[in-house]
Amino acid sequence: AELAAATAESHALRTEFGALSERLQADAAARDRHAAAVASLEAMKAAAAPWQRLGALIGSASGDRFSRYAQSITLEHLVVLANVRLSQLCDRYRLLRSGPASELQLQIADAWQADAVRPMESLSGGETFLISLALALGLSELAGRRTRIGTLFIDEGFGTLDSTALDVALSALEGLRTGHSTIGIISHVEAL
């Protein structure tokens with residue numbers, strides 16, 4: 001009876017051992033498949049990495065993020081060029097970028113007010129005219145890097161100027177004219 005019981009127990013243990021061996025083999029095969037899948041995934045990630053970096057720069061299928069990035073670089077150059085022209089027109093103001101680099105906003109620093117930074121909306125008519133003129137001149141210089149743009153037509157803004165601002169604007173335009181630029185003015189203001 002003891003031998004029969006021991007034989008039955010041995011048979012049961014061998015069956016369990018066989019099942020466990022089969023599970024171990026299945027586990028080893030699954031680990032091999034997993035390792036192969038991880039290696040394949042890493043290879044795919046490495047191949048996709050340049051596209052992910054490009055996607056992060058562009059941001060969307062329409063390219064909005066890249067477009068904003070390119071515009072912000074152009075705006076940086078425009079602000080530098082406009083500030084050079086603005087310093088020639090009037091030493092009071094300086095253009096600044098406002099907010100993060102992705103924002104395409106400008107502010108003005110007023111040297112006569114201890115370099116107080118003001119929003120563009122707070123400028124008077126004469127101040128707006130000077131800033132707009134500096135931006136237009138900077139833009140023409142930016143656009144004409146390879147080609148000289150020697151003609152500028154101004155068709156607005158003079159009616160908003162008081163006599164002092166008009167004198168400053170005329171002096172600035174006269175300075176541009178002596179710099180071998182042709183300035184065309186379209187205005188209803190008699191002084192012009």
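The values are calculated or read from the model by the stated rules, or taken from the named source; none is laboratory data. Owing to the predicted nature of the structure, the values given are computational and were not obtained by experimental measurement. Here Cβ is always computed from backbone atoms with ideal geometry, including for glycine, and neighbour counts include all displayed protein chains. Just so you know, the surface numbers come from the protein's heavy atoms only, side chains and all, with ligands and any DNA or RNA stripped out. Shrake-Rupley method; radii C 1.70, N 1.55, O 1.52, S 1.80 Å.
Would you mind getting the accessible area per residue of the chain, heavy atoms of the protein chains only, 1.4 Å probe, in Å²?
Each residue of the chain exposes 69 Å² on average to a 1.4 Å probe.
Out of residues 5 or more away from LEU152 or on other chains, whose amide H comes under 5 Å of its own, with H placed 1.01 Å from N in the peptide plane?
Close amide H contacts, sequence-distant or interchain: THR182, ILE183, GLY184.
Between TYR69 and ASP167, what FRET efficiency follows from the Cβ-Cβ distance if R0 is 45 Å, with the result rounded to 0.05?
0.65
With volume of the Cα convex hull per residue in Å³ as the read-out, I listed (i) 140; (ii) 129; (iii) 208; which label goes with the value calculated from this structure?
It is the one labelled (iii).
In the chain, what percentage of the DSSP-assigned beta bridges are antiparallel, given to the nearest 5?
So the antiparallel bridges amount to about 70 percent of the total.
Counting each DSSP H run of 4 or more residues in the chain as -39500 (n - 2.57), what helix-only mean residue ellipticity at 222 nm follows after dividing by all residues, to the nearest 500 deg cm²/dmol?
Rounded to the nearest 500, it is -22000 deg cm²/dmol.
Would you please classify the overall shape of the range 1-40 from the alpha carbon gyration tensor, given that a ≥ b ≥ c denote the square roots of the eigenvalues, rounded means a/c under 1.5, and beyond that prolate means a/b larger than b/c while oblate covers the rest?
prolate
Determine the sum of side-chain charges near LEU104: Lys and Arg each +1, Asp and Glu each -1, restricted to other residues whose C-beta is under 14 angstrom from that of LEU104.
0
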